[in-house]
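Participant: Attaching a single structure in structure tokens format; questions to follow.
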Amino acid sequence: MPPYEPILLKNMLQPGYTGSLADYERTGGYQALRKTLGKIAPADVTAMVVKSGLRGRGGAGFPTGIKWGFLPKDYQGPRYLCCNADESEPGTFKDRQLIERDPHQVIEGILLACYAIGAETAYIYIRGEFALGAAILERALAEARAAGYVGRNILGAGVTIDIWVHRGAGAYICGEETALLESLEGKRGLPRVKPPFPATHGLYGKPTVVNNVETLANLPHIVNRGAEWFASIGSPPKSTGTRIFCVSGHVRRPGNYEVPMGITFRELIFEHAGGMRSDKALKAFIPGGASAPFLTPEHLDVKMDFESVAQAGSMLGSGGVTVMEEGTSMVWAALRLMEFFYHESCGKCTPCREGSSWLVQTMRRILAKRGRREDLETLTDLCQNIAGRTVCAFGDAEVAPILSTLKYWRHEYEELIREAESLGLAGIPELVMPAAARHEPHKFEV
Ligand SMILES: Cc1cc2nc3c(=O)[nH]c(=O)nc-3n(C[C@H](O)[C@H](O)[C@H](O)COP(=O)(O)O)c2cc1C
């Protein structure tokens, strides 16, 4: 395994590092802010981030500096930065670690982004379940305020930036940037129709940037070590820097691993995460959170960069890599994800609201060995009528597990349907889903 230097997780890997202001400053914390405020023009900070090639770590992978550049230059009123700490994608748990273990790294990133875009107010939108993370952030913000890093006239440079922590109530949709803005405004978290985009009409209708926690945490390092340094890491020119991949599932050492983009899934899973937990072979993996289509052992040598994973028919998404061993029922796995999406559909768009219910019912029927041959066409048809027909990307996300398992493991669906036919149960409605099907996956092994 090559000796990769972690960037974002480096501090917290030091024994005894607590994430306090004193610890952070000892490792060079807030030097990037000192170097920047009043010394580098905001537009030059944006140019540096463009040059670094940094792309969003929240899911869509949009180039960060370019996004900042969409804010109107001559707008006189307030503008906002929102740090997206909702981290609601199943299989993703990196932002939580960044917040809980090194909160000042995130705060310094927020300050640099605010300075670059001219925002005097930033909100950290954190999911309600992250009670510990919210408390840690509040404490860190109090320390930063007392030290003159946050508030009025920061470091005597005449710059004002305040940062507030806002707790969400734990809805997946509130990670979607416009639903997040609605929720922050005190309304129900429903996505907005785009355009207009947040860059011009964001929080309270003002120019706004929404960036993910990990995206922002990279900024102090880019300022300290330079855009060229960052751009040389990973898989340049389009996938630069490191990423924190959250490995879960049937591996020996699940956890967060920060690696340069462009290593292979094989290296991540078999070297960093210790390989499979038992002698069963790898059967499937999700490469980038629940919204990313499943991949197969044939994709283990795909490079973990934006382009290569897209070419393989999936996406790096939020960086959540979930590994499944031989014996896992892929119909069961797809249903579990679908049940999550069904539960979390916000209900705004008819195809998603109604379609997710039909998808779950059909999938449950197939798994309960009551499916019909036509059900597979119904599933495909439903998915095709959801994807691309909703206000936000939730619709595309929820069909990914079903379409990709139908593509690679269709025979498992067919086998269940054949059994239903041989039992004479095909198409017979099922009133109650057996609890085992929901909670005991081993009973549904193939
Ligand atoms: C349904 C849905 C859920 C999302 N959840 C999150 C989330 O929890 N955290 C996040 O950073 N981005 C999430 N996103 C992506 C955001 O909309 C947005 O693209 C991102 O916060 C932008 O930050 P970035 O450019 O730094 O990646 C979600 C998107 C969708 C469609």
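The values are calculated or read from the model by the stated rules, or taken from the named source; none is laboratory data. Quantities reported herein were computed from a predicted structural model and do not represent experimental measurements. So basically every Cβ, Gly included, is an ideal-geometry build from the backbone, and we count neighbours across all protein chains shown. The accessibility values were calculated without ligands, DNA or RNA, using every heavy atom of the protein model including side chains. Shrake-Rupley method; radii C 1.70, N 1.55, O 1.52, S 1.80 Å.
Participant: Within the range 80-105, track down each residue that is among the aliphatic types (A, V, I, L, M) and within 10 Å of the ligand (Cβ to nearest atom).
Facilitator: A85
Participant: Being touching a residue at least 24 places away in the same chain (Cβ under 8 Å), at negative phi and not in a strand (DSSP E or B) is the filter here; which residues of the range 239-269 pass it? If you could, list the steps in order and put the result at the bottom.
Facilitator: Residues of the range 239-269 touching a residue at least 24 places away in the same chain (Cβ under 8 Å): 239-252, 256, 258-269.
Okay, now just the ones that are also at negative phi, so 239-240, 242-248, 250-252, 256, 258-261, 263-269.
The answer is H250, R252, M261, I263, F265, R266, E267, L268, I269.
Matching residues to (1) free of Cβ contacts under 8 Å to residues at least 24 places away in the same chain; (2) in contact with a helix residue (DSSP H, G or I) (Cβ under 7 Å, 6 or more places away or on another chain):
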site	(1), (2)
S356	no, yes
A368	no, yes
E374	yes, no
L379	no, yes
E414	no, no
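Participant: Would you confirm whether any residue within the range 322-336 is modelled with pLDDT under 95 and assigned to a loop (DSSP other than H, G, I, E, B)?
Facilitator: No, that holds for no residue.
Participant: Output the residue which, of all residues in the range 161-188 that are under 19 Å from G58 (Cβ atoms) and assigned to a loop (DSSP other than H, G, I, E, B), is nearest to the ligand (Cβ to nearest atom).
Facilitator: By that ranking, first place goes to E176.
Participant: Does F197 qualify as being of a type outside the set (D, E) and not assigned by TED's automatic domain parsing to the domain that holds T27?
Facilitator: no
Participant: Evaluate the range 298-311: report whether one residue or more is surrounded by fewer than 22 Cβ atoms within 10 Å (Cβ to Cβ), touching a His at 6+ places or on another chain (Cβ under 9 Å) and over 22 Å from Y172 (Cβ atoms).
Facilitator: Looking for residues that are surrounded by fewer than 22 Cβ atoms within 10 Å (Cβ to Cβ), touching a His at 6+ places or on another chain (Cβ under 9 Å) and over 22 Å from Y172 (Cβ atoms), one finds none in the range 298-311, hence no.
Participant: Within the range 48-72, track down each residue that is small (G, A, S) and more than 6 Å from the ligand (Cβ to nearest atom).
Facilitator: Listed by number, the residues that qualify are S52, G53, G61, G65, G69.
Results for (1) closer than 26 Å to L190 by Cα; (2) open to solvent by 20 Å² or more (accessible area, probe 1.4 Å), shown as yes or no for each residue.
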site: G128; (1), (2): yes, yes
site: A134; (1), (2): yes, no
site: A142; (1), (2): no, yes
site: A171; (1), (2): yes, yes
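Participant: Go through I417, I386 for me and flag whichever is within 16 Å of the ligand (Cβ to nearest atom) and either more than 33 Å from the chain's Cα centre (by Cα) or at pLDDT 95 or above (or both).
Facilitator: I386
Participant: Only residues that are open to solvent by 20 Å² or more (accessible area, probe 1.4 Å), within 26 Å of L268 (Cβ to Cβ) and more than 15 Å from the ligand (Cβ to nearest atom): list them for the range 313-357, please.
Facilitator: G313, T322, M324, E326, W332, R336
Participant: Quick one: which residue in G109, G148 is modelled with pLDDT of 95 or more, in a loop (DSSP other than H, G, I, E, B) and closer than 23 Å to T18 by Cα?
Facilitator: Matching residue, one of G109, G148: G148.
Participant: Can you tell which of P196, P191, P236, P207 is within 16 Å of the ligand (Cβ to nearest atom), over 21 Å from the mean Cα position of the chain (by Cα) and touching a residue at least 24 places away in the same chain (Cβ under 8 Å)?
Facilitator: Criteria check complete, one pass: P207.
Participant: Looking only at the range 210-222, filter to residues that are open to solvent by less than 10 Å² (accessible area, probe 1.4 Å) and assigned to a helix (DSSP H, G or I); which one of those is nearest to the ligand (Cβ to nearest atom)?
Facilitator: Filtering the range 210-222 for residues that are open to solvent by less than 10 Å² (accessible area, probe 1.4 Å) and assigned to a helix (DSSP H, G or I), the one nearest to the ligand (Cβ to nearest atom) comes out as T215.
Participant: Criterion first (more than 16 Å from the ligand (Cβ to nearest atom), without any contact (Cβ under 8 Å) to a residue 60 or more places away in the chain and on the phi > 0 side of the Ramachandran plot) does G151 satisfy it?
Facilitator: Taking the combined requirement at face value, the residue satisfies it.
Participant: Identify the residue in the range 107-130 that is within 13 Å of the ligand (Cβ to nearest atom) and hydroxyl-bearing (S, T, Y) and, among all such residues, is nearest to R152 (Cα to Cα).
Facilitator: Once the filter is applied, the top-ranked residue is Y123.
Participant: In addition: Search the range 164-175 for residues that are within 15 Å of G133 (Cβ to Cβ) and touching a residue at least 12 places away in the same chain (Cβ under 8 Å) and pair each with any residue that is more than 10 Å from the ligand (Cβ to nearest atom) and among the aromatic types (F, W, Y) when their beta-carbon atoms are under 6 Å apart and the residues are at least 6 apart or on different chains.
Facilitator: Final answer for the pair search is W164/Y123; H166/Y123.
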